[in-house]
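J.: Sharing a structure, written as structure tokens. Questions coming.
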Amino acid sequence: MLHQILFFIFASVAVAAAINLLLQKHPINSALSLIVVMGALAVLYLLLGAEFVAAVQLIVYAGAIMVLFVFVIMLLNAGLEERTPGSAVATLIGVPGVAALVGLCVFVFARTRIRGAAGYSIGDFHVSTQDIGRLLFRDYLLPFEVTSVLVLIGIMGAVVLAKREDAGPTDRSPEITAEAPRPESQQPAERTHA
Amino acid sequence: MTWPIFILVSIIKVALVFFIVMTAAAYTVWLERKLIGRMQNRWGPTRVGPFGLLQPMADGIKFILKEDLTPPYVHKTLFVLAPMIALIPALLPVSLVPVGGAITIHGITTPLEMTGVMVNGAPVDINIALLLILGITSVGVYGIALAGWSSNSKYALLGSLRASAQMISYEVSLGISLVGVLLIANSLSLREIVNQQAGTWFPGVPVLEWIPRWNIFPQFIAFFTYVTAAYAETNRIPFDLPEAETELVAGYHTEYSSMKFAIFFIAEYCNMFTVACIATTLFLGGWSGPVPGFLPPILQALLPVFWFVLKVVAFIFVYIWIRGTLPRFRYDQLMSFGWKFLFPLALANVVVTSFVVAWFAK
């Protein structure tokens, strides 16, 4: 019973924050709404018994990735966003598309609910950190390692992009990284990844 | 235990811990001013009360009576919200830290911890307490970041940018430094980790048997990286660039006054407490210490709390000592130290520890 009450509270928080994310005009308000969504999702994971996933959701998404988002918004000092009426194609294809997707989800969930013999309720499962570790490092070791290579490629891509020399006129790095060492040439190139 | 008593006990515990943490934060400020004063050959506060002991109260009254000024052109909502976002994650982790075994008063047995429960006569805490603490503290950076941004002031903005970059960078080392301890303990529950540190390393060997079985001995590299990263996370000297007063006036809280400023101050000291509590629990054996058997039961239950508090105070003393000793890093030094020295060191510790643990497991 308590599980159901908590589920509805945090599910509605998540949905409300997600809607707020879209409605807010200022990027920092949108980013903060997204943090609320992440937090609410973490609670939902916890209710499902996935405690490790919940904690990691909080640490990685709310604590690291969204901090970077907020950091970039602050650094660029992004102002209010401009609104456009939106394209007609998006409205024409988008609305029926969303309706179809929701209908499909409802259909699938309803079917599995009927087929399932006993019918499970929230909080029936409990997955410990040991279980996840065992699955991740024994049964699914190869996908796990491949993912880590993917992340490595992402990092290398970021480094390449940040160190690129032929950037626009606003970037001062070309002259500074030129061959002749100047006394004042110490600063920017290092700073970009701070 | 019936549920009305459970709720009553919980409320008493929450009120007690809140009172203790707030008082302790206030008196850490006093201790810091006294110690730094003595290190710099001054007296520190002496005027209010004996040894200046009433100074924190005077400071508190002063903060409350000051005008609460909201500068024009600030982002109002976030400006008000930021101190709260800074304080709440600073206070929450204390609720997850166990400070002793269980205590029995008037037939009611309860663990010496805010969130613990009794299961089959033994105190039990949340099994992912450490992860939760990491998650909660990682949210604390928003308070500082938003404070600087919403102030609409260049010094505050620079301070909060520095804080965000610094906290992201050092959080990686902070998290990884704890992995070594977790590999040894094989558990994420703080109570479990402390229980494993009871006793000594070499029972029976003459002099060596006095060395307690604390994690700091096999994991001293992890301890070093944790403490260093934690100093950076709490914005303390030598990592206090977000509030470097010689460059940024006061950093992220430049535009704050009265109680709003004081809340940032309290949050910083509460964060110090959290760090001290986690370091004590993970590396210094938590509440474990000698407890003589001839004491009355109530003292036997409370003596471990005394050991815990003693270790926390010692840790905070070192915190203050470092502040009195080291100068502030330059920003590029801070970044290269964090990424090029601390992070590889923490990783190497994880690799070595896992090999050793795997070796002994066979």
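The values are calculated or read from the model by the stated rules, or taken from the named source; none is laboratory data. Not measured: the values here are computed from a predicted model. Virtual Cβ from ideal backbone geometry, glycine too; neighbours counted across all protein chains shown. What goes into the accessible areas is simple: the full protein's heavy atoms, side chains included, and nothing from ligands, DNA or RNA. Shrake-Rupley method; radii C 1.70, N 1.55, O 1.52, S 1.80 Å.
J.: Grab the other residues whose beta carbon is less than 14 angstrom from that of B:ALA156, score K and R as +1, D and E as -1, and report the net.
T.: For residues surrounding B:ALA156, the net value is -1.
J.: Okay, next question. Quantify how strongly other chains surround peptide A:28-37 by giving the mean number of their Cβ atoms within 10 Å of each of its Cβ atoms.
T.: Per residue, the number of nearby Cβ atoms from other chains is 2 on average.
J.: Additional query: Calculated FRET efficiency, A:LEU6 and A:PHE107, Cβ-Cβ r, R0 22 Å, to nearest 0.05?
T.: The computed FRET efficiency comes out at 0.20.
J.: What percent does the relative contact order of chain B come to when contacts are Cα pairs within less than 8 Å and at least six residues apart?
T.: Value for chain B: 22 percent.
J.: Going Cα to Cα from A:LYS163, which lysines come in below 19 Å? Please leave out same-chain ones fewer than 8 positions away.
T.: Here the lysines satisfying the reach criterion relative to A:LYS163 are B:LYS340.
J.: What lysines sit close enough to B:LYS34 to cross-link, taking a C-alpha to C-alpha distance under 29 Å and skipping anything fewer than 8 places away on the same chain?
T.: Qualifying lysines at Cα under 29 Å: B:LYS62, B:LYS66, B:LYS260, B:LYS311.
J.: Can you tell me the order of B:312-324, B:239-251 when each peptide is scored by its average per-residue count of other Cβ atoms within 10 angstrom, highest first?
T.: Ranking the peptides B:312-324, B:239-251 by packing returns B:239-251, B:312-324.
J.: Where the accessible area of the protein assembly as shown is counted over protein heavy atoms with a 1.4 Å probe, how much of it, in %, is carbon and sulfur?
T.: 72 percent
J.: Something else about it: Let a ≥ b ≥ c be the square roots of the eigenvalues of the Cα gyration tensor of the stretch B:264-362; is it rounded (a/c under 1.5), or, if not, prolate (a/b larger than b/c) or oblate?
T.: Oblate shape, in that a/c is at least 1.5 and b/c is the bigger or equal ratio.
J.: To continue, here is another question. Spelling out what I want: for every residue of the stretch B:260-268, take phi, set θ = phi - 60°, compute 6.51 cos²θ - 1.76 cosθ + 1.60 (Karplus), and round to whole Hz; glycine and proline get x.
T.: For the stretch B:260-268, the Karplus-derived couplings read 4, 5, 4, 5, 4, 4, 4, 4, 4 Hz, x marking Gly and Pro.
J.: Right, next: Ordering B:TRP359, B:TRP214 by how much accessible area each has at a 1.4 Å probe, largest first, what is the list?
T.: These residues rank, largest area first, as B:TRP359, B:TRP214.
J.: Let a ≥ b ≥ c be the square roots of the eigenvalues of the Cα gyration tensor of the stretch B:1-129; is it rounded (a/c under 1.5), or, if not, prolate (a/b larger than b/c) or oblate?
T.: The shape class here is oblate.
J.: Now, a different point. Which of the three applies to the protein assembly as shown, rounded, prolate or oblate, going by the alpha-carbon gyration tensor with a ≥ b ≥ c and a/c under 1.5 meaning rounded?
T.: Rounded, because the longest to shortest axis ratio a/c is under 1.5.
J.: When Lys and Arg each count +1 and Asp and Glu each count -1, what net charge do the other residues less than 11 Å away from B:LEU326, Cβ to Cβ, add up to?
T.: With Lys, Arg at +1 and Asp, Glu at -1, the neighbours total +2.
J.: Still on this structure: If you take every DSSP beta bridge fully contained in the protein assembly as shown, what fraction is antiparallel? Give it as a percent rounded to 5.
T.: If I count the DSSP bridges inside the protein assembly as shown, around 90 percent turn out antiparallel.
J.: Let me ask something else about it. Ranked by accessible surface with a 1.4 Å probe, highest first, in what order do A:MET66, A:MET156, B:MET114, B:MET39 come?
T.: Output order, biggest surface exposure first: A:MET156, B:MET39, B:MET114, A:MET66.
J.: Here is a further query. What is the sum of charges, Lys and Arg at +1 and Asp and Glu at -1, for the other residues whose Cβ falls under 13 Å from the Cβ of B:ARG236?
T.: -3
J.: Given Cβ point charges of +1 (Lys, Arg) and -1 (Asp, Glu) and nothing else, what value in debye, to the nearest 20, does the dipole of chain B about its Cα centre take?
T.: Magnitude of the dipole: close to 440 debye.
J.: So who's got an amide H within less than 5 Å of the one on B:VAL97, skipping anything under 5 residues away but keeping other chains? H placed 1.01 Å off N, in plane.
T.: Correct list: B:MET114.
J.: Amide H of B:ILE103: which non-local residues (sequence gap of 5 or more, or other chain) have their own amide H closer than 5 Å, using H built in the peptide plane?
T.: The list, which skips near neighbours in sequence, is B:THR110, B:LEU112.
J.: Summing -39500 (n - 2.57) over the DSSP H runs of n ≥ 4 in chain B and dividing by its residue number, what mean residue ellipticity at 222 nm do you reach, to the nearest 500 deg cm²/dmol?
T.: Computed mean residue ellipticity for chain B: -20500 deg cm²/dmol.
J.: When the Cα centres of the stretch B:89-114 and the stretch B:198-240 are compared, how far apart do they sit, in Å?
T.: A separation of 24 Å, based on Cα centres.
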